[in-house]
Amino acid sequence: MKVGDSMKTTVVTIAQSAKVRDAVLLFVNNHISMLPVLDKEGRPVGAVHLRDLLERVMPVFVDLIKDFDYVGDFGAIEDGMPEAAWLEGAVTTVMEPIETVETSSGLVRAFSIMKKRDILDLPVVDREGRLVGLASRVDIGRALLTNWHVDVDEDRGA
C-alpha cells in the first residue's frame, strides 16, 4: 500500500501571502495541528505548526520545569496574547521548512520520515510537487495495521 492510498484528500492550507492572524483563525476554526503554506501553483513551501504559535506565548521558565505535577494552572499567563504587530506579520515569518512525500511513497518510508522529524502530519504531493493530500501518523499506522490480518470482530470481546 502507498501513502496515496491512506491519506486525507481534504487539507486546510494557507497562501504564502497570508498573515499570521489568518493562520491563527484557520487553526481555531478547523481543529488542526499543522498548516501547509502553499505558493500560487499549489506547491508546499513551508508549514506552520500549532506548537510554534503556542510557544510564542509560553513563559520562558516552562523549559526549566522538570515536573508539572504541582502546577494546577498558570493563572493569568494562560490569557497571554502575542503582540498585534506579530499577528499582522507575514505567515512566512513563522513557517518552517516542510517535508513532503509523493503519493507513490511507501508507508514505512513515510512513517520513518515523520518519526525522524517528530511530525504528526506529512503533506503528500503529486509528481509536479503540488499538494494533493495529508497523511497523519494515525492514517499511516492504520494502513500498516490492516496488513496484520487480525480478525477485528474476534478481538472485540477480549
Next on the checklist: Suppose we keep only residues that are touching a residue at least 40 places away in the same chain (Cβ under 8 Å) and within 12 Å of the chain's Cα centre (by Cα) within segment 101-136. Which one would you say is nearest to residue 36 (Cα to Cα)?
Outcome noted: 123
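Taking the conditions exactly as written (surrounded by 14 or more Cβ atoms within 10 Å (Cβ to Cβ) and either hydroxyl-bearing (Ser, Thr, Tyr) or at pLDDT below 65 (or both)), does residue 146 satisfy them or not? I'd like the intermediate steps shown before the answer.
On the way: surrounded by 14 or more Cβ atoms within 10 Å (Cβ to Cβ): no; either hydroxyl-bearing (Ser, Thr, Tyr) or at pLDDT below 65 (or both): yes.
Judged against the criteria, residue 146 is not a match.
Matching residues to (1) farther than 20 Å from residue 96 by Cα; (2) surrounded by fewer than 16 Cβ atoms within 10 Å (Cβ to Cβ); (3) in contact with a His (Cβ under 8 Å, 6 or more places away or on another chain):
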{"residue": "2", "(1), (2), (3)": "yes, no, no"}
{"residue": "7", "(1), (2), (3)": "yes, no, no"}
{"residue": "23", "(1), (2), (3)": "no, no, no"}
{"residue": "31", "(1), (2), (3)": "no, yes, no"}
{"residue": "43", "(1), (2), (3)": "no, no, no"}
Checklist entry - Which residue pairs have Cβ atoms closer than 8 Å, lie 6 or more positions apart in sequence or on different chains, and pair a first residue in segment 1-28 that is farther than 18 Å from residue 120 by Cα and acidic (Asp, Glu) with a second residue that is at pLDDT 95 or above and assigned to a helix (DSSP H, G or I)? => result 22/91
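Report, by residue number, each residue of segment 18-58 that is part of a loop (DSSP other than H, G, I, E, B), at pLDDT 95 or above and farther than 18 Å from residue 84 by Cα. Steps first, answer last, please.
From segment 18-58, those part of a loop (DSSP other than H, G, I, E, B) are 18, 31-33, 39-43, 56-58; that's our starting set.
Imposing the further condition that a residue be at pLDDT 95 or above reduces the set to 18, 39-43.
Once the filter is applied, which keeps residues that are part of a loop (DSSP other than H, G, I, E, B), at pLDDT 95 or above and farther than 18 Å from residue 84 by Cα, segment 18-58 yields 39, 40, 41, 42, 43.
Of the residues 61, 74, only one is out of contact with any helix residue (DSSP H, G or I) (no Cβ under 9 Å at 6 or more places or on another chain) and modelled with pLDDT under 95; which? Don't jump to the end; show me each part of the working.
Details: 74 fails: out of contact with any helix residue (DSSP H, G or I) (no Cβ under 9 Å at 6 or more places or on another chain).
Of 61, 74, the one residue that is out of contact with any helix residue (DSSP H, G or I) (no Cβ under 9 Å at 6 or more places or on another chain) and modelled with pLDDT under 95 is 61.
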Checklist entry - Only one of (1) in a helix (DSSP H, G or I); (2) of a type outside the set (A, V, I, L, M, F, W, C); (3) at pLDDT below 85 is not met by residue 112, so which one is it? => result (3)
Checklist entry - Is segment 77-94 home to any residue that is within 29 Å of residue 141 (Cα to Cα), modelled with pLDDT of 95 or more and not in a loop (DSSP other than H, G, I, E, B)? => result no
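The values are calculated or read from the model by the stated rules, or taken from the named source; none is laboratory data. As the structure is a prediction and not an experimental result, all values here were calculated from the model. Counting neighbours? That spans all protein chains shown, and the Cβs are built from the backbone with ideal geometry, glycine included.
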